[in-house]
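Below: the structure, in C-alpha cells.
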Protein chains: 2
Amino acid sequence: MTCLVVIGLGLIGGSIAKKCRELKLFNKVIGIDNNQDVGKIALNCGAIDEFSLNLSICVQADVIIVATPVMVINKIFTQLSKLPIDAIISDVGSVKQSVITSAKVLDNQFSNFVPAHPIAGSEQSGITAADSNLFINHQVIITPTKDTDNKACNFIADLWRKLGAQVAIMDAKNHDQILAATSHLPHLLAFTLVDCLAKNDESLQIFNYAAGGFRDFTRIAGSDSKMWHDIFLTNKEQLLNVLDGFTYNLHEFKQAIINEDSNFLIEHLNNAQGARKYFAEILAQRNKQ
Amino acid sequence: MTCLVVIGLGLIGGSIAKKCRELKLFNKVIGIDNNQDVGKIALNCGAIDEFSLNLSICVQADVIIVATPVMVINKIFTQLSKLPIDAIISDVGSVKQSVITSAKVLDNQFSNFVPAHPIAGSEQSGITAADSNLFINHQVIITPTKDTDNKACNFIADLWRKLGAQVAIMDAKNHDQILAATSHLPHLLAFTLVDCLAKNDESLQIFNYAAGGFRDFTRIAGSDSKMWHDIFLTNKEQLLNVLDGFTYNLHEFKQAIINEDSNFLIEHLNNAQGARKYFAEILAQRNKQ
C-alpha cells in the first residue's frame, strides 16, 4: 500500500496522518482540507507529505480516510463517486448508520467502504491539537455491512491496531445506540447546561464560584459545535430515544426531591455511585493493557 | 486559641484537622466521629491529637467546626445547645440557609456561629482521602447573618486563608442559588444519567465503550450518596428552580433536533462553547494566583 489520502485535517484526521507518517506505513500521506492555512500547519508539523484543496487527487490513493464532520461526509462521497477511484475508503464519523446510507452513492466501490469510529475525541479540535499518540489504548469500532469486502475490513482493522487502538466489530445500529448513550447524550446535556447558565443574570458569579466538579462535568461543552450539530442531527432517532429515558429518570428524581422521598433518593444515588465505580474499574483495566 | 474540635472526620473535616495540626495553629486538635475506626485512622495519619465519640468533649473547645452531612448538622446543633460551650462555631455545609436556620437553636451562642462552605470537594470521600493541601487555591464562601459576631467571622476567614483558601463573603441565599447552578444541578444530572444507563439492558456494553468524555462528565456521580441526598433536600427550592430552567432549555434543544433547526443548534452550541472557554480562562487565572 503506497498512498494514503486523509480528507479533513482536524484533530482526528491530523492525528491519523501524523502517526501514519511517523510509522512510515505508506510511501506518501496526502492531506485534503478546504482551508489552505490548515494545510500549511499540517505540512509544517510533519503530519502530511503533500496538501491539496482538491478531491481529484484521490485518484492516486490506495487508502482514503474521510475525517470531516458527519454531514460533510455525504457530500464527499458524492464527489468521490464521480472520480475513477480504486481504493479502500474508510471514515471516522461518530454516527455510523447515516454514513453507511450516504456511502451507497459510491455504487460499485461501496464494498470497499469500511465504516469506522475511533472513540478518541477531546474537547480540543483542529490540526494544532493533532497528536500521533491520540489513539493508543483507545477503542475503534468498525461496523461493516453485509456488502463490505473482508480484505478491506481487515486492512482497516490492522491499520488502527498499528496506530495503537483496540478494534471492535459491531453492527452499525448497535453502535449508534451505544454512542447515543455514552457520548451524544452527555454532550447534549453539557452543552444545554452551559448554554442555560450563560444566559442566567448571575452567570458571571456562577462561573466565578464553580470548581472542579463543574469543570469536569462541562469540559465536553467546549467541543466543536459544527461537529456536534452534525452528530445530533444524523443520530437523531437514537439520541431522542435515550434522551426520553433520561428525561423520565430526571422527572422521577425531581418528584422524589419534591416529596422528600429519602428511600428513593438513597437507593438511586447508591445505584449511580456503584455503577460509576464499576465503570472506573473498566477504564483502569483497559489503561493497564 | 488553643483547642480545635472537628466534628465529622470525612474528606473535608479530616483535611482541615490535618492541615491545622501541620501548621500548629492550635495547641490541640480533637476529632469527633460516630465511627471509632475512622478515629483510629485519623490518629494514625496524624490528622488529630485526640479522638472522641462524644460531643461533650466540645466544652474544651475554643473553635468547633462541624463537618458532617448537612442534615446531621441540625442534630449536632441541638446537642451542642445543651452543653456549656464558649467557642466560635463554624461548619462546612454545601447549603447555607438551612444550616443557619437550624443554628438558631444555639440561642445566645448563635452570634458566635460563622456559616462557611469550602468549595473543594471531590468524588472521593472519607478520612482516607484527607489531604492537607485540599484547600489551596480553592474558594471558601462565608455567609454571615446580621447577628454574626465580627470577630468570630474574621477569625474563621483568617483560619481558611491560613489553610490556603481564598475567602469570599456572600449572602446565604445568593450562595444557595449559585451553588444550586454550579454544583447541585450538575451532580443531580450526573447521578441521574449514570442511574439511567445502569438500568439499561445494554449497560455492560455502554460502560465498555465509553471514553474520556463520559468519564469526566460522570466523575461526580461517584460522590458520597448520603451527603448528596442531604444537599438535594436542604437546598430543594433553589435546586428545583435551576432544574426547571435546565429542563426548559433541554426541551428547546430537543425540539430543535426534532425540527432539524440548524440555526438554533449552531447558535446555542456556539454560545455554550464560548461560555465554557471563558470559564476555563477564569479557572486558569485563579490557579495562577
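If both residues of a DSSP beta bridge must be in the protein assembly as shown, then about 15% of such bridges are antiparallel. Here the scattering of chain A is modelled by Debye summation over its C-alpha atoms, one equal scatterer each and no solvent; at q = 0.10 Å⁻¹ the log10 of I(q)/I(0) is -0.60. Pair-distance distribution of segment B:97-178: all C-alpha pairs, bin width 10 Å, starting at 0; shares per bin in whole percent are 17, 44, 33, 6. At a Förster distance of 56 Å, what's the computed FRET efficiency of residue B:158 paired with residue A:107, Cβ-Cβ distance as r, to 0.05? So the FRET efficiency works out to roughly 0.15. Between rounded, prolate and oblate, where does segment B:62-101 land on the alpha carbon gyration tensor, with a ≥ b ≥ c its root eigenvalues, rounded for a/c under 1.5, else prolate if a/b exceeds b/c? In terms of gyration-tensor shape, prolate. Evaluated with a Cβ-only charge set (Lys, Arg +1; Asp, Glu -1), chain A carries a dipole of roughly 760 debye about its Cα centre, given to the nearest 20. The share of C-alpha pairs in segment A:1-149 whose separation exceeds 24 Å stands at 24 percent.
For residue A:66, nonlocal amide neighbours, meaning residues 5 or more places apart or on other chains whose placed amide H falls under 5 Å from its own, are A:7, A:90, A:91, A:92.
Karplus-derived 3J(HN,Hα) values for segment A:235-244, using 6.51 cos²θ - 1.76 cosθ + 1.60 with θ = phi - 60°, are 10, 3, 4, 5, 5, 5, 4, 6, 5, 4 Hz; glycine and proline are entered as x.
Mind checking how much accessible area A and B bury in total, 1.4 Å probe, in Å² rounded to 100?
The contact between B and A buries close to 8100 Å².
Inter-copy label distances for residue A:25: 5.4 nm (label point placed 7 Å from Cα along Cα→Cβ; shortest first). Mind running the shape call on segment B:47-125? Use the C-alpha gyration tensor, a ≥ b ≥ c as the square roots of the eigenvalues: rounded below 1.5 for a/c, prolate if a/b tops b/c, oblate otherwise. It is oblate, given that a/c is not under 1.5 and a/b is not larger than b/c.
With label points set 7 Å from Cα along Cα→Cβ, the inter-copy distances at residue B:281 are 4.4 nm, sorted shortest first. Against chain B, whose longest principal axis comes from its Cα atoms, helix B:262-288 is set at around 30 degrees. Separation of segment A:258-289 and segment A:1-21, taken as the distance between their Cα centroids, equals 38 angstrom. Quick one: longest stretch of chain B between exposed loop trypsin sites (Lys or Arg not before Pro), exposed meaning at most 14 other C-beta atoms within 10 Å and loop per DSSP? My reading of the result: B:147-289 is the longest stretch. At a probe radius of 1.4 angstrom, the accessible area of segment B:139-289 per residue rounds to 40 square angstrom.
Averaging over all projection directions, find the projected area of the Cα convex hull of segment A:151-249 and quote it in nm² with one decimal place.
9.0 nm²
For residue B:139, the residues whose amide H sits under 5 Å from its own are B:119, B:166, ignoring neighbours fewer than 5 places away on the same chain, with H placed 1.01 Å from N. In order along segment A:157-172, the Karplus-derived 3J(HN,Hα) couplings, from 6.51 cos²θ - 1.76 cosθ + 1.60 at θ = phi - 60°, round to 4, 5, 4, 5, 5, 5, 7, x, 8, 9, 9, 10, 10, 8, 5, 4 Hz, and Gly and Pro are given as x.
Dividing the convex hull volume of the alpha carbon atoms of segment A:1-54 by its residue count gives 61 Å³ per residue. A simple charge model with +1 on the Cβ of Lys and Arg, -1 on the Cβ of Asp and Glu and nothing else charged puts the dipole of the protein assembly as shown at about 1200 debye relative to its Cα centre.
Of all DSSP-defined beta bridges confined to segment A:23-182, some 25% are antiparallel rather than parallel.
Distances between equivalent label points of residue A:264 across the copies, with each point positioned 7 Å along Cα→Cβ, amount to 2.9 nm, shortest listed first.
Roll a 1.4 angstrom probe over the protein heavy atoms and tell me the percent of accessible area of the protein assembly as shown that is carbon or sulfur.
46 percent
Please check: in the Gaussian network model of chain B (C-alpha springs, under 10 Å), which one of B:121, B:222, B:245 has the largest mean-square fluctuation. Ranking B:121, B:222, B:245 by mean-square fluctuation puts B:245 first.
Chain A residue nearest the rotation axis toward B, with distance: A:216, 2 (Cβ to axis, whole Å). Mean projected area of the convex hull spanned by the Cα atoms of the protein assembly as shown, taken over all viewing directions: 26.9 nm².
The values are calculated or read from the model by the stated rules, or taken from the named source; none is laboratory data. All values reported here derive from a predicted model rather than from experimental measurement. In this analysis, Cβ positions are derived from the backbone assuming ideal geometry, glycine residues included, and neighbour counts consider all displayed protein chains. Heads up: the accessible areas ignore ligands, DNA and RNA and are worked out on the full protein's heavy atoms, side chains in. Shrake-Rupley method; radii C 1.70, N 1.55, O 1.52, S 1.80 Å.
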